[in-house]
1. Counting pairs of alpha carbon atoms under 8 Å apart in space and at least six apart in sequence, what relative contact order in percent does the range 7-47 give?
2. Can you sort GLU81, GLU140 so the residue with the fewest Cβ neighbours within 10 Å comes first?
3. Work out how much length ASN112 to ALA296 would gain on full extension: take 0.36 nm times their residue separation and subtract the Cα-Cα distance, in nm to one decimal.
4. Taking the beta-carbon count within 10 Å as an exposure proxy, list GLU3, GLU96, GLU236 from fewest neighbours to most.
5. In nm, to one decimal, how far is the modelled label at GLN149 from the one at ASP24, with both set 7 Å along Cα→Cβ?
6. Each label point is 7 Å from the Cα along the Cα-to-Cβ direction; what then is the distance between the points at GLU125 and ASP102, in nm?
7. Tell me, what is a quarter of the convex hull surface for the C-alpha atoms of the range 143-209, in nm² with one decimal?
8. How much length is gained on full extension from PHE260 to GLU85, taking 0.36 nm per residue of separation minus their Cα-Cα distance?
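Values quoted throughout were computed directly from the atomic coordinates according to the rules given, and no laboratory measurement underlies them. Everything numeric in this text was worked out from a predicted model, so none of it was measured. Positions of Cβ are generated from backbone atoms using ideal geometry, with glycine treated the same way; all protein chains shown enter the neighbour counts.
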Amino acid sequence: MLEIGEKVRFLDDVGQGIIIKFIDAKTALVEDEWGLTFPHPISKLVPAERDRVAERPVVVDPQIVKPKTTLIPMVKGTKAEQLPELALAFVSANREKPETGDLDLLFVNNSNYHLLINVAAKENEEWFSLFHSEIVPNSEKLVQSLRRQDVGSVGNLNVDVLFFGTTGYENRKPISCSLKIKATRFVRTGNYLLYEGIENPALAIPIENEKVVVAPTFQPTRNFKQVEKPSLPTLEEEVDLHLEAILGTDPSDMPDHEKFLTQMHHFEQRLNHALTHKYVQITFIHGVGTGRLKEAIRKELTEYNLPFEDGAFHKYGVGATVVRLH
């Protein structure tokens, strides 16, 4: 039986939280480790610690003085991973909350070759060189420092790599690859890991030749009747961001900034779900109000380079935003 104030883990998400109160028999209001509160099904919560037992008195030898220990905040991905041989690493400036900090984009060369590289970015259907340089073996170089709101500018990248050495070496073919990076990857904590040789959590993308699959030629010996494949259903969703729809009630005692954070947290959860499950469209009903929620939603969608428009006036008035995804 869960209790108010108890620390819990999420069965359907990463991270932990604390139960603030019970909204009803099936739903609890939970505060996560970043201080955001949101409703969560009780069936998807489990205690984060073992059942508490009565404390026993501890006898300490007065001659022994135990040194004070300082608790270090837990960072997801505490086990250091090995970086790929060649990679672009987006290193967050915020170690505790990597999804909120500004970023340093590094080119990592873990090979024994000298490299000549060019990193190009696409803007308004035109390519321009973001960075070009020579990189020595087993080192990294700063490509660009990015503000959090500028991650959308590196959504489309093309990387060219030429291998060479100063003495005898095995010839390697150059690499040329295109990378499409969704801005939503940068806002999920679980995408950042700790890597060997890099102090802060980073999102690493390997650089390798694109695989081209060539279909074998097939000469039919007789005519076959072409069968039409059934089309897959298109996925759409309508998300009501009013607190009554999210919490089941509009809590009058909740401060306005907490109401806003709860609505934005629900917006980001449903948007990430729609992107990862290849939805074609999602509609957010934010209402009119002061316009703060609508403005914040559209600002994030602009940063993610996601096209959006007003919802149908006859159905939503001016209180909805439709996002086109795939």
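1. Worked out over the range 7-47, it gives 38 percent.
2. Working: GLU81 13, GLU140 18.
Neighbour counts put them in this order, fewest first: GLU81, GLU140.
3. Details: separation 184, 0.36 × 184 = 66.24 nm, distance 4.68 nm.
Fully extending the segment from ASN112 to ALA296 adds 61.6 nm.
4. Working: GLU3 10, GLU96 16, GLU236 13.
Sorted ascending by nearby Cβ count, the order is GLU3, GLU236, GLU96.
5. Once both label points are built, they end up 3.9 nm from each other.
6. In this crude label model, GLU125 to ASP102 measures out at 3.4 nm.
7. On the way: hull surface 25.1 nm².
Averaging across all directions leaves 6.3 nm² for the Cα convex hull.
8. So the extension gain works out to 58.7 nm.
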